[in-house]
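Here the structure comes first, spelled out in structure tokens, and everything after it is commentary.
The values are calculated or read from the model by the stated rules, or taken from the named source; none is laboratory data. Values in this document were obtained by computation on a predicted structure and should not be read as measured data. With ideal geometry, Cβ positions are generated from the backbone for all residues, glycine too; neighbour counts draw on all protein chains shown.
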Amino acid sequence: MKHRYLPMTPQDEKAMLDTIGIESIDELFADIPEKVRFKGEYKIKPAKSESSLTKELSQLAAKNADSSTYASFLGAGVYDHYKPIIVDHVISRSEFYTAYTPYQPEISQGELQAIFEFQTMISELTGMDLANSSMYDGGTALAEAGMLAAGHTRRKKILVSRAVHPESRAVVRSYALGQSIAVEEIPLKDGHTDLEALKNMIDEDTAAVMIQYPNFFGQVENLKEIEPIVHGAGALFTVSSNPLALGALTPPGKLGADITVGDAQPFGIPEAFGGPHCGYFAVTKALMRKVPGRLVGETTDEDGRRGFVLTLQAREQHIRRDKATSNICSNQALNALAASVAMTALGKEGTKEIAIQNITKTHYMKKQLKKAGFEIAFDGAHFNEIVVKTAKPVKELNAALLKKGMIGGYDLGLSYDEFTGHVLVAVTEQRTKEEIDAFVQEMEATHA
Amino acid sequence: MHKDNQPLIFEMTKEGRVGYSLPELDVPEIDLADLLPEGLIRVESADLPEVSELDIMRHYTALSKRNHGVDSGFYPLGSCTMKYNPKINESVARYSGFANIHPLQDESTVQGAMELMYDLQEHLKEITGMDEVTLQPAAGAHGEWTGLMMIRAFHEANGDFNRTKVIVPDSAHGTNPASATVAGFETVTVKSNEHGLVDLEDLKRVVGDDTAALMLTNPNTLGLFEEQILEMAAIIHEVGGKLYYDGANLNAVMSKARPGDMGFDVVHLNLHKTFTGPHGGGGPGSGPVGVNKDLMPYLPKPVLVKKDDVFTFDYDRPQSIGRVKPFYGNFGINVRAYTYIRSMGPDGLKAVTEYAVLNANYMMRKLQPHFDLPYDRHCKHEFVLSGRRQKKLGVRTLDMAKRLLDFGYHPPTIYFPLNVEEGMMIEPTETESKETLDAFIDAMIQIAKEVEENPEIVQDAPHTTVIKRLDETKAARKPVLRYYKDQAE
């Protein structure tokens with residue numbers, strides 16, 4: 001058959017069969033037992049030409065409401081942020097995206113150095129000693145943090161705040177089940193982790209306490225107050241953090257975190273219906289040899305020139321097999337590159353400015369909604385999100401917003417029984433005053 | 001490749017330069033000190049680069065030139081299926097209706113994305129012969145763990161709590177035993193026989209009522225088809241265990257044998273291998289899992305269902321193993337894989353496997369006179385040579401791999417699988433032409449000659465790369481995992 005991805009010609013095929021000493025390709029499959037041999041062709045859709053396939057798929061894509069057409073007020077862990085256009089130009093260089101894991105350092109210095117830079121940027125933002133080369137996403141990174149903590153402390157209980165993203169908590173529970181680790185949830189108080197409850201729950205069998213900063217409701221947890229409770233019981237202080245917020249907030253590393261994880265999606269990575277995003281995993285030096293996944297280290301070559309290699313591989317599955325610190329192999333390298341480019345573009349000043357813009361615009365939304373008579377569930381500082389009480393079902397509200405070209409917030413009642421009738425509204429730097437005002441106006445209209 | 005070292009981006013920084021263009025702040029400014037408790041406002045900015053947009057583009061362009069991808073040249077890295085990554089995939093994944101949609105939008109606003117996911121699942125069901133597929137796992141190892149958790153849930157639902165062991169062949173990928181550990185199982189190794197296949201007698205010896213599952217790659221990592229697969233399935237099923245298919249090598253059997261028909265109960269696929277989602281320098285991947293009817297109740301949440309032409313996510317799954325990942329998997333990679341499958345069609349996928357296997361056998365026979373071939377029979381999509389003969393002359397497989405760099409090739413996978421001494425695992429894939437294969441074969445033959453006549457040139461390789469062999473011991477002994485400005489000054 002002729003296909004643009006298949007260079008084999010009948011002459012090639014004949015010459016190759018002759019070399020092998022067989023008559024037909026079928027002979028190469030003679031070792032498949034007759035009973036399991038698949039005959040004929042798959043019953044799947046026939047091949048389409050390039051033009052007709054792009055036409056079909058662009059029509060399919062057009063069925064979706066996207067955030068470049070609609071003004072999005074939906075966050076809950078995935079955000080519509082400024083994506084420097086340069087990001088896509090860099091990650092479209094096929095020397096990066098068509099390469100595999102840099103196991104041959106002499107011809108992979110580009111990728112290795114880019115990852116080394118990513119590790120440095122994440123360490124800088126989080127204030128941690130070191131970071132790995134990436135994880136699948138924020139949720140599985142948090143789950144891996146739980147496993148690390150249980151292994152390190154030889155304890156079998158994890159305390160997770162209910163203000164941690166509900167889906168991340170669910171992933172933590174799934175992983176913990178495999179490891180027979182108990183997971184208990186710390187209740188809420190005024191949209192924050194209830195510290196009195198934490199004090200009562202924590203004990204000598206607690207491996208880790210997991211706090212999200214800023215939390216799922218957009219509230220900024222006071223890590224300073226939490227840290228002594230956690231370390232007082234000998235547990236590992238595990239913080240899940242939106243790295244973009246750390247442009248303005250004191251980094252977890254400066255507030256005593258042992259492990260900081262999260263998702264770098266806010267830095268230049270498209271929402272993409274939830275993935276692929278880019279988990280990150282940062283720790284203190286004491287935990288360096290327990291980190292899951294790949295690490296890039298600096299070294300020198302035979303001539304003393306600086307170079308980079310994958311290092312401390314004795315932790316990993318391809319060396320240690322069943323004794324590895326994790327089973328992770330493929331990670332999110334290309335998205336780590338995307339995040340690196342975005343972090344580089346924003347740089348020292350931009351990361352601060354973008355974080356402050358997010359806080360500022362979120363508070364503008366809060367002020368306008370309050371002015372319009374809406375009740376905001378929690379007070380204090382908000383990052384990206386506010387919880388708004390609504391008399392209308394959120395689904396109905398969002399349908400009305402959609403008609404006005406807006407994607408509404410997240411229905412909190414879906415994850416929290418006590419917050420039925422509350423909507424989690426997100427505002428990023430992308431939202432203009434005009435869009436925010438229109439949102440408030442439509443909220444008012446639906447409640448009139 | 002450029003020989004000059006590329007400075008770190010941090011070393012190019014100059015105070016006052018910017019590389020961004022943020023939206024205008026069109027709302028009143030506020031004072032953070034009025035909002036945040038003391039100590040939570042960042043005092044010292046993260047020390048990130050201060051560079052212009054051109055600085056950034058030149059930096060990463062320079063780095064890209066110091067990197068080898070499939071588009072740069074032949075990449076016969078065994079077990080990784082480094083085939084061509086079609087450009088249409090990249091375009092389609094960037095359509096705004098796929099790239100810029102939020103996972104928590106109302107389902108009525110993302111029906112197109114859900115339709116694509118559903119249709120991809122349908123295609124993968126037919127390709128694997130399984131009853132249901134989930135697209136949630138982010139990569140192969142994640143799929144392995146997901147599959148094993150489902151097997152565990154199945155046994156436990158049957159009141160069977162003593163199945164603590166997962167059997168893996170000695171030739172298995174490292175992720176298999178690692179995933180078993182993460183899922184809470186103990187790993188038992190089953191030996192290979194002199195033909196490179198699972199030793200059935202040893203398998204019979206290790207199975208028992210504590211067997212949860214056998215994890216198998218077929219063809220195995222030697223590129224050989226496990227001919228006695230039905231006997232193995234019977235042995236495992238007889239003791240109540242489940243058979244797990246590691247789909248890393250699916251490129252070898254598309255349209256020739258389906259895991260479901262071979263007796264497998266759970267299958268994971270690597271969409272970034274067989275189905276051309278690019279490898280991205282190590283990821284992101286996508287590792288969908290297929291199951292048979294017995295295991296369907298345990299699929300991770302949510303399950304995508306179609307009812308009256310409307311797609312919904314079903315969360316009401318009381319026996320589910322729960323969530324394995326936030327949201328619905330690596331959708332962007334799944335879009336690429338779907339685009340590929342639709343570009344190939346049934347006859348295309350069949351040709352893919354046939355040409356991948358033909359290419360591998362051709363190379364194997366051409367190289368056989370020059371290297372040791374431990375298992376002399378038709379291979380599937382890859383084959384494993386041994387550098388034993390060259391080792392006797394003082395040249396190791398590692399040296400030959402490094403010498404290949406001088407010819408502009410990415411070397412094969414080396415020292416794997418573990419049951420071949422000085423192994424070189426070669427997987428050409430179907431997208432490479434005979435001319436490319438012949439040129440690589442010539443290079444390998446030349447290296448074999450050099451080993452006999454001029455071994456130093458191989459032992460001292462590479463000679464043409466931007467950097468020479470790196471000191472890995474130093475990297476591990478005194479790890480430097482990030483840049484510190486202060487130490488550099």
Just give me the residues in the stretch A:46-68 being of a type in the set (Ser, Thr, Tyr) and facing another protein chain (nearest Cβ under 7 Å), in sequence order. A:54, A:58, A:67, A:68
Does residue A:172 fit the bill of being surrounded by fewer than 21 Cβ atoms within 10 Å (Cβ to Cβ), at pLDDT 95 or above and either under 23 Å from the mean Cα position of the chain (by Cα) or assigned to a loop (DSSP other than H, G, I, E, B) (or both)? no
Considering only the stretch B:366-393, how many residues are within 11 Å of chain A (Cβ to nearest Cβ) and not in a helix (DSSP H, G or I)? 6
Going residue by residue through the stretch A:245-261, is there one that turns out to be part of a loop (DSSP other than H, G, I, E, B) and within 20 Å of residue A:424 (Cβ to Cβ)? no
Considering only strands (runs of 3 or more DSSP E) wholly within the stretch A:288-389, the ones with at least 3 residues that are at the interface with another protein chain (Cβ under 9 Å from one of its Cβ atoms) and of a type in the set (A, V, I, L, M, F, W, C) are A:306-310
For residues in the stretch B:156-187 being hydrophobic (A, V, I, L, M, F, W, C) and surrounded by fewer than 22 Cβ atoms within 10 Å (Cβ to Cβ), which is nearest to the other protein chains (Cβ to nearest Cβ)? B:161
Just a yes or no: is a residue in the stretch B:369-378 touching a Lys or Arg at 6+ places or on another chain (Cβ under 6 Å) and assigned by TED's automatic domain parsing to the domain that holds residue B:460? yes
Residue count, the stretch B:55-75 (criterion: out of contact with any Lys or Arg (no Cβ under 9 Å at 6 or more places or on another chain) and among the polar types (S, T, N, Q)): 1
Identify the residue in the stretch B:55-84 that is surrounded by fewer than 23 Cβ atoms within 10 Å (Cβ to Cβ) and within 20 Å of the chain's Cα centre (by Cα) and, among all such residues, is nearest to the other protein chains (Cβ to nearest Cβ). B:71
Can you tell me which residue among A:174, A:241, A:168, A:161 is within 21 Å of residue A:134 (Cα to Cα) and away from chain B (no Cβ under 11 Å)? A:241
Given the condition of a type in the set (Lys, Arg) and surrounded by fewer than 18 Cβ atoms within 10 Å (Cβ to Cβ), answer yes or no: does some residue in the stretch B:41-52 qualify? no
How about the stretch B:91-106: which of its residues are in contact (Cβ under 8 Å) with a residue 60 or more places away in the chain, at the interface with chain A (Cβ under 7 Å from one of its Cβ atoms), of a type in the set (A, V, I, L, M) and out of contact with any Leu (no Cβ under 8 Å at 6 or more places or on another chain)? B:99
Have a look at A:41, A:13, A:34, A:27 and point out the one that is of a type outside the set (A, V, I, L, M), outside the structural domain of residue A:168 (by TED's automatic domain parsing) and exposed (fewer than 14 other Cβ atoms within 10 Å of the Cβ). A:34
Go through the stretch B:262-365 and tell me which strands (runs of 3 or more DSSP E), entirely inside it, have 1 or more residues that are aliphatic (A, V, I, L, M) and over 21 Å from the mean Cα position of the chain (by Cα). B:303-307, B:310-314
Sort through A:258, A:203 and tell me the only one that's surrounded by fewer than 24 Cβ atoms within 10 Å (Cβ to Cβ) and more than 9 Å from every other protein chain (Cβ to nearest Cβ). A:203
If you take the residues of the stretch A:51-102 that are basic (Lys, Arg) and over 30 Å from residue A:217 (Cα atoms), which of them is surrounded by the fewest Cβ atoms within 10 Å (Cβ to Cβ)? A:55
Does the stretch B:273-285 hold any residues that are polar (S, T, N, Q) and either at positive phi or at the interface with chain A (Cβ under 8 Å from one of its Cβ atoms) (or both), and which are they? B:276
